[in-house]
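Input: a single structure, listed below in structure tokens.
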Amino acid sequence: NTRVLTGITTSGTPHLGNYAGAIRPAVQASAQPGVDAFFFMADYHALIKCDDPARVARSRLEIAATWLAVGLDHERVTFYRQSDIPEIPELTWLLNCVTAKGLMNRAHAYKASVDQNTEKGLEPDDGVTMGLFSYPVLMAADIVMFNANKVPVGRDQIQHLEMARDIAQRFNHLYGRDYFTLPEVVIEEDVATLPGLDGRKMSKSYNNTIPLFEGGASALRAAVMRIVTDSRAPGEPKDAENSHLYTIYRAFATHEQAAALRKQLEEGMGWGEAKQALYDHLENLLAPMREKYFDLMANPGRIEDILQAGAAKARKLATPFMQELRQAVGLRNLQ
Ligand code: TYM
């Protein structure tokens with residue numbers, strides 16, 4: 001059986017990049033026969049970058065409503081909050097004990113902080129918490145806890161997946177048995193990294209996102225109109241391949257639709273007109289899901305019930321597996 005698993009950090013509002021890179025492929029995969037899926041809100045991960053409790057809670061609700069609004073079948077999928085599964089931080093500790101510090105030194109997110117500090121003339125580890133440093137270990141625990149073998153994510157998570165494999169392999173080797181399946185990354189090649197308004201990776205931390213549902217049609221329109229384009233005037237041929245407006249369109253269109261817009265751009269369609277076309281296209285696609293999203297947001301009790309049922313389902317697997325792992329390393333069985 002295929003086990004698909006993926007999570008979203010609850011530190012912001014879901015954007016088109018999260019949707020195209022992870023949520024859409026994950027929900028599609030979960031509908032295939034023979035697939036067991038595990039999707040979750042990574043709220044322990046959120047604490048690494050966000051010390052605002054209200055924001056974490058709000059983001060968690062938005063992300064849960066997003067998954068449900070885009071068609072996740074919560075009866076079929078195990079859908080939960082990371083922080084409802086106490087076995088995850090417990091497993092994180094076991095994994096911390098077998099993870100080489102040198103491996104974490106190489107993590108991109110950590111190295112980026114060190115580079116920034118060095119540039120500013122600060123101590124390399126200035127402002128770096130243990131949470132940030134060991135972030136990939138918590139992520140490895142998320143994955144191996146449920147022995148997931150396929151993890152749909154955007155390109156920015158590839159290194160974390162490689163680290164999860166390393167850590168799982170090290171544990172298996174030390175304790176002499178294949179306790180953990182080695183997870184494989186699944187990348188949607190057509191999307192991989194969706195660009196944001198300024199052409200860099202669409203990301204909460206760059207403040208260049210297009211919100212998926214929040215703010216409604218007007219926020220979507222305002223964001224699309226802010227996409228940065230080159231200065232070629234209407235009538236001049238545009239270089240579609242190198243415009244992120246086109247890249248964003250392509251991530252949400254059929255091959256035929258994308259080819260048609262490309263042709264129009266090459267024949268001189270103005271950027272203003274192209275933005276309107278992108279907005280119309282996205283609005284068409286998102287409006288029906290957005291309606292479900294706002295219905296769910298208005299009914300947090302319903303979401304809470306779904307998440308608690310999901311936590312119970314997840315713990316049915318996590319609790320006995322954690323007992324087995326406690327025994328494997330020489331700890332007392334809790335039962
Ligand atoms: P996060 O919350 O930053 O992003 C959630 C997912 O969205 C993808 N993504 C993108 N894909 C394409 N283009 C973009 N511009 C873009 N921006 C974000 C991310 O690659 C990710 O798949 N550490 C993870 C959450 C996590 C997780 C896990 C994922 C925690 N535990 C276990 C998989 C398995 C993160 O912070 O993603």
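The values are calculated or read from the model by the stated rules, or taken from the named source; none is laboratory data. None of these values were measured; they are calculated from a predicted model. Using ideal geometry, Cβ is built from the backbone for each residue, glycine included, and neighbour counts are taken over all protein chains shown. We work out accessible area using only protein heavy atoms, side chains counted, and drop any ligands, DNA or RNA first. Shrake-Rupley method; radii C 1.70, N 1.55, O 1.52, S 1.80 Å.
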- Task: Compute the distance in nm between two label points, each set 7 Å from the Cα along the Cα-to-Cβ direction, one at Asn1 and one at Asn207.
- Result: 4.6 nm
- Rounded accessible area of Glu266 (nearest 10 Å², 1.4 Å probe): 80 Å²
- If the label point is 7 Å along Cα→Cβ of Val128, which residues in the range 24-48 have backbone nitrogen under 20 Å from it? 45-48
- If one takes the longest principal axis of the Cα atoms in the chain, at what angle in degrees, from 0 to 90 and to the nearest 10, does the Cα axis of helix 216-225 lie? 70 degrees
- Task: Kindly provide log₁₀ I(q)/I(0) values, in the same order as q = 0.11, 0.18, 0.22 Å⁻¹, from the Debye equation applied to equal alpha-carbon scatterers of the range 1-120.
- Result: -0.47, -1.09, -1.27
- In terms of the alpha carbon gyration tensor, root eigenvalues a ≥ b ≥ c, rounded if a/c is under 1.5 and otherwise prolate when a/b exceeds b/c or oblate, the range 60-181 is oblate
- Task: Using the structure shown, select from Lys49/Lys316; Lys49/Lys204; Lys238/Lys263; Lys111/Lys201 the pairs with a Cα to Cα distance greater than 21 angstrom.
- Result: Lys49/Lys316
- Task: Starting with the highest mean, order 83-90, 112-119 by the number of other Cβ atoms within 10 Å, averaged over the residues of each peptide.
- Result: 83-90, 112-119
- Phi-based couplings in Hz for the range 92-107 (Karplus 6.51, -1.76, 1.60; Gly and Pro marked x): 4, 5, 4, 6, 3, 6, 10, 8, 5, 4, x, 5, 5, 4, 8, 5
- Item | Packing rank of 163-170, 276-283, where each peptide gets the mean count of other beta carbons within 10 Å, highest leading | 163-170, 276-283
- Item | Label-point separation in nm, Val35 to Tyr179, each point 7 Å along Cα→Cβ | 2.9 nm
- May I ask you to list the trypsin sites (Lys or Arg not before Pro) in the range 48-129 that are in a DSSP loop and have at most 11 other Cβ atoms within 10 Å of their Cβ? Lys120
- Please work out the Cα center distance from the range 99-139 to the range 186-222, rounded to the nearest Å. 26 Å
- Bridge orientation stat for the chain from DSSP, antiparallel percent rounded to 5, came to 10 percent
- Query: Modelled label-to-label distance, Arg200 and Trp93, 7 Å Cα→beta-carbon offset: nm?
  - Reply: 3.8 nm
- Degrees between helix 300-329 axis and first principal axis of the chain (Cα, 0 to 90, nearest 10): 40 degrees
- Going from most exposed to least, what order do Trp271, Trp67, Trp93 have by accessible area with a 1.4 Å probe? Trp93, Trp271, Trp67
- Query: Any idea what % of Cα-Cα pairs in the range 158-224 are farther than 14 Å?
  - Reply: 70 percent
- Message: In Å, what Kirkwood hydrodynamic radius results for the chain from the alpha-carbon pair distances?
- Response: 21.4 Å
- With everything on Cα atoms, drop me the angle between helix 53-69 and the longest principal axis of the chain, reported from 0 to 90° to the nearest 10. 70 degrees
- Among rounded, prolate and oblate, which fits the range 120-195 when a ≥ b ≥ c are the square roots of the eigenvalues of its C-alpha gyration tensor, a/c under 1.5 means rounded, and a/b larger than b/c means prolate? oblate
- Query: If R0 is 35 Å, what FRET efficiency do you get for Glu283 and Asp305 from their C-beta distance, rounded to 0.05?
  - Reply: 0.65
- Taking only protein heavy atoms into account and a 1.4 Å probe, give the accessible area per residue of the chain in Å². 47 Å²
- Within the accessible area of the chain (1.4 Å probe), percent carbon and sulfur: 50 percent
